[in-house]
1. May I ask you to list the residues in the range 166-188 that are surrounded by fewer than 22 Cβ atoms within 10 Å (Cβ to Cβ) and either at pLDDT below 95 or of a type in the set (Lys, Arg) (or both)?
2. Pick out the one residue from 226, 249, 293, 278 that is within 27 Å of residue 155 (Cα to Cα) and open to solvent by 40 Å² or more (accessible area, probe 1.4 Å).
3. Within the range 176-186, does at least one residue satisfy the condition of being hydrophobic (A, V, I, L, M, F, W, C) and under 17 Å from residue 220 (Cβ atoms)?
4. Six or more apart or on different chains, Cβ under 8 Å: which pairs go from a residue in the range 116-142 that's farther than 22 Å from residue 79 by Cβ to one that's within 16 Å of the ligand (Cβ to nearest atom) and among the hydroxyl-bearing types (Ser, Thr, Tyr)? Could you list them?
5. Which of the following residues is surrounded by fewer than 16 Cβ atoms within 10 Å (Cβ to Cβ) and either within 15 Å of the chain's Cα centre (by Cα) or modelled with pLDDT of 95 or more (or both): 131, 136, 76, 97?
6. Quick check on the range 218-257: of everything there that is part of a strand (DSSP E or B) and within 15 Å of the ligand (Cβ to nearest atom), which residue is farthest from the chain's Cα centre (by Cα)?
7. Tell me, which residue of the range 201-217 that is closer than 29 Å to residue 292 by Cα and more than 24 Å from the chain's Cα centre (by Cα) is most open to solvent (accessible area, probe 1.4 Å)?
Amino acid sequence: AVFSCALSFAGAAAAADMTIGFSQIGSESGWRAAETSVSKIEAEKRGIDLKIADAQQKQENQIKAIRSFIAQGVDAIFVAPVVATGWDDVLGEAKDAEIPVVLLDRTIDTKDDSLYLTAVTSDTVHEGAVAGEWLAKEVAGKDCNVVELQGTVGSSPAINRKKGFDEAIASHSNIKLIRSQTGDFTRTKGKEVMESFIKAEGGGKNICAVYAHNDDMQIGAIQAIKEAGLKPGTDILMVSIDAVPDIFKAMADGEANATVELTPNMAGPAFDAVAAFKADGTVPPKWIQTESKLYLPDTAQAEYEARKDLGY
Ligand code: GZL
């Protein structure tokens with residue numbers, strides 16, 4: 001927070017005539033849609049020409065988009081990397097063209113962190129830990145079989161949210177992770193996988209909780225649980241991540257129990273970091289971290305109201 005408000009006037013002026021290419025993953029979740037709409041608002045505020053390329057969740061489309069932005073000679077490139085590996089070559093081409101790259105909301109596996117100026121992301125391991133610690137506290141020592149809906153295979157949030165949750169429940173022998181599968185961060189897949197978990201676990205009676213790596217898969221799971229004749233939020237505890245309006249609606253209806261916030265405004269701090277870098281060479285920290293606050297049903301209605309018009 002200190003860094004981003006240290007933006008100099010020169011930085012603000014530099015922003016005004018910048019063109020930035022944004023290789024966006026797609027619109028797999030409500031959160032992703034909000035990130036796109038918020039990045040447009042933030043660009044508008046700064047007079048930045050933002051060109052967004054939707055990759056339909058395919059890495060090859062992101063690589064094509066990045067190459068096109070390089071050919072256009074944009075001032076900077078933002079990437080939300082759909083998976084963590086396979087970026088060194090194309091980001092090396094951006095580096096050779098002296099175009100700064102900023103990673104948004106996900107990170108990459110690379111030995112060469114000079115390939116990007118900074119990464120604006122939450123601590124996704126911590127998000128998983130917050131979810132695990134909440135569940136441990138909620139069940140208070142009672143036996144609890146958990147099923148997990150993982151995000152996109154190979155993406156940094158899916159890898160890290162699993163890691164954080166596993167570490168948090170490791171010291172609670174009463175909590176057992178009995179099934180874990182990817183729902184690819186989407187409502188449809190989240191529902192399908194939850195239906196298979198319910199079928200495999202005694203019609204759902206054997207399931208005490210669902211941990212979903214994002215709220216969209218959790219909303220699909222809620223539908224599956226209700227169609228199986230069970231009550232999500234009471235028969236089965238529901239904890240997930242993103243803090244999208246629809247999870248707050250579910251909480252207000254007693255169908256979800258906890259969510260961990262992920263701000264959709266990753267682009268704002270990224271714009272400011274690039275503007276300062278362009279204006280006077282200010283090098284930002286390699287990681288600009290956004291916060292991960294836990295939300296419970298007691299504030300659900302107010303949080304729903306606060307988010308419902310943000311383009312989720
Ligand atoms: C996490 C972000 C994830 C969201 C999902 O930082 O990359 O991608 O949690 C989205 O909703 O699909």
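1. 176, 179
2. Numbers: 226 fails: within 27 Å of residue 155 (Cα to Cα); 249 fails: within 27 Å of residue 155 (Cα to Cα); 278 fails: within 27 Å of residue 155 (Cα to Cα).
None of the other options fit; the residue is 293.
3. Of the range 176-186, the ones hydrophobic (A, V, I, L, M, F, W, C) are 177-178, 185.
Then keep just the ones that are under 17 Å from residue 220 (Cβ atoms); that gives 185.
Within the range 176-186 (the criterion being hydrophobic (A, V, I, L, M, F, W, C) and under 17 Å from residue 220 (Cβ atoms)), the answer is yes, since at least one residue qualifies.
4. Between residues of the range 116-142 that are farther than 22 Å from residue 79 by Cβ and residues that are within 16 Å of the ligand (Cβ to nearest atom) and among the hydroxyl-bearing types (Ser, Thr, Tyr), the close pairs are 126/292; 130/292; 131/211; 131/240; 132/211; 135/211.
5. Unique residue meeting the criteria: 97.
6. Kept after step one, since they are part of a strand (DSSP E or B), are these residues of the range 218-257: 232, 236-242.
If we keep only those that are within 15 Å of the ligand (Cβ to nearest atom) too, we end up with 239-242.
Values: 239: 15, 240: 11, 241: 8, 242: 6 Å.
Going through the qualifying residues, I end up with 239.
7. Step one: filter the range 201-217 for residues closer than 29 Å to residue 292 by Cα, giving 207-217.
Checking the rest, the ones that are also more than 24 Å from the chain's Cα centre (by Cα) come to 207-208.
Details: 207: 5, 208: 30 Å².
That would be 208.
Residue-wise test of (1) away from the ligand (no atom under 13 Å from the Cβ); (2) within 21 Å of residue 122 (Cα to Cα).
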| site | (1), (2) |
| --- | --- |
| 214 | no, yes |
| 268 | yes, yes |
| 281 | yes, no |
| 291 | no, yes |
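The values are calculated or read from the model by the stated rules, or taken from the named source; none is laboratory data. Predicted, not measured: the structure shown is a model, and the values here were computed from it. Heads up, the Cβs are rebuilt from the backbone with ideal geometry, glycines too, and the neighbour counts pull from every protein chain shown. Heavy atoms of the whole protein, side chains included, go into the accessibility calculation; ligands, DNA and RNA do not. Shrake-Rupley method; radii C 1.70, N 1.55, O 1.52, S 1.80 Å.
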